[in-house]
């Protein structure tokens, strides 16, 4: 089974490569996340894809849009197990604030649940391809949550 890594940008590639030691030829830095994911439907051989995304990319996959609204992110967080009382103050905030709140609040279980949500979505959209998803914090270029 061939294994490739799709990365939103070059810094995410470095974070993944540091941990997994794949060869440079295994990595593809992509511009259009959803288009590249759907393009995998054209590949007819067994494939495993590591998808390396930042917070915005994770939301883009879960909500399948490149402009996730705070109201939709709130709904996703509730589905991941966050109590509505905890997030009511975030009603009209920037979506990156949610990541900082989860990451610095050490809510890694929720971040992992979100990774699994995204994995399930891409595996539904691309049948026959096995995905692993890695959420990478841009602040320190480290994998902070994963489906592994």
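For this structure, a couple of remarks:
- Between residue 20 and residue 64, the modelled labels are 2.4 nm apart [label points 7 Å from Cα along Cα→Cβ].
- For the range 2-146, DSSP calls about 20 percent of its internal beta bridges antiparallel.
- The alpha carbon centroids of the range 1-68 and the range 76-110 are separated by 24 Å.
- Among 56, 134, a tally of other beta-carbon atoms within 10 Å of each Cβ gives an order, fewest to most, of 56, 134.
- Computed FRET value (nearest 0.05) for residue 94 with residue 116, which takes r as the C-beta separation and R₀ as 30 Å: 0.80
- Packing rank of 89-101, 59-71, where each peptide gets the mean count of other beta carbons within 10 Å, highest leading: 59-71, 89-101
- Relative contact order, percent, the range 1-109 [alpha-carbon distance under 8 Å, six or more residues apart]: 27 percent
Each reported figure results from applying straightforward, stated rules to the coordinates on display, with no laboratory input. All values derive from a computational prediction rather than experimental measurement. Note: ideal-geometry Cβ built from the backbone for every residue, glycine included; neighbour counts use all protein chains shown.
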